[in-house]
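Taking it in order: structure first as structure tokens, then the write-up.
Since every read-out is calculated from the coordinates, none of them should be taken as a lab result. None of these values were measured; they are calculated from a predicted model. Note: ideal-geometry Cβ built from the backbone for every residue, glycine included; neighbour counts use all protein chains shown.
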Amino acid sequence: MSRYKDEVCRICRREGQKLFLKGERCYSDKCSISRRNYAPGQNGQKKAKLSEYGTQLREKQKTKSFYGVGEKQFRKYYTMATKTKGKTGEALLTLLESRLDNVVYRLGFASSRTQARMLITHGAFDVNGKKVNIPSYLIKAGDVISVREIKKDNGTIKVALETNEARPVPTWLEKDTEKLSGKVVRLASREDIDLPVEEHLIVELYSK
């Protein structure tokens with residue numbers, strides 16, 4: 001899957017809000033949104049009026065960027081969401097929250113989802129006692145995510161834990177800092193997800 005390789009702060013500026021793509025930097029005065037709260041490019045300070053399609057597209061792009069998911073995989077999640085009970089948009093967000101890289105980030109073992117993906121692909125985590133190195137792995141209620149024994153002295157994880165100490169863990173997760181593990185109490189509901197996105201616009205876009 002192709003990855004965005006340009007400066008990620010440009011994504012936040014394009015969307016006009018923080019997407020927390022660079023970990024600790026996003027909480028500091030160095031955040032690009034704090035310094036230049038307008039879209040990148042020569043005409044970035046001009047306010048363009050979006051069409052209905054443009055508004056729907058921006059919501060989709062923002063959500064993709066927030067979770068670090070490409071178009072092909074995002075559409076796959078949407079298809080899965082349409083086959084579940086309840087509202088499709090909310091089911092889509094629940095699936096995205098269920099990604100292993102997101103759970104590792106939510107537990108505070110990584111400072112960003114990008115960093116979480118790197119740690120996972122390097123074999124830093126077990127799920128229910130078995131090594132999983134696939135960032136897109138979908139966790140289930142009752143799953144236990146833990147730092148592998150040989151990775152417990154990993155400097156990146158230690159720094160992330162110190163940095164994220166004050167960041168609250170979502171209520172759908174339980175964290176054991178001493179054991180460097182976390183348990184999925186239940187899957188995330190819409191009320192648990194702090195992403196300021198109107199998911200119904202994404203559903204409208206894909207329904208056309």
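Please report the net charge: other residues with Cβ closer than 11 Å to the Cβ of ASP192, K and R +1, D and E -1.
Result for the neighbourhood of ASP192: -1.
Which FRET efficiency value, to the nearest 0.05, is calculated for HIS122 and ALA166 with the Förster distance at 30 angstrom and r the Cβ-Cβ distance?
0.70
Within the stretch 66-150, list the trypsin sites (Lys or Arg not before Pro) lying in a DSSP loop whose Cβ has at most 12 other Cβ atoms in a 10 Å radius. Walk me through the intermediate numbers first.
Details: sites: LYS72, ARG75, LYS76, LYS83, LYS85, LYS87, ARG99, ARG106, ARG113, ARG117, LYS130, LYS131, LYS140, ARG148; in loops: LYS83, LYS85, LYS87, LYS140, ARG148.
Taking the stretch 66-150 and a limit of 12 other Cβ atoms within 10 Å, the loop trypsin sites (Lys or Arg not before Pro) found are LYS83, LYS85, LYS140.
When the chain is fully extended, how far beyond the present Cα-Cα distance does SER189 get from SER207, taking 0.36 nm per residue of separation? Before the final figure, lay out each step's value.
Values: separation 18, 0.36 × 18 = 6.48 nm, distance 2.26 nm.
In short, 4.2 nm is gained.
With label points built 7 Å along Cα→Cβ from the Cα atoms of LEU50 and HIS200, find their separation and express it in nm.
About 1.6 nm, to one decimal.
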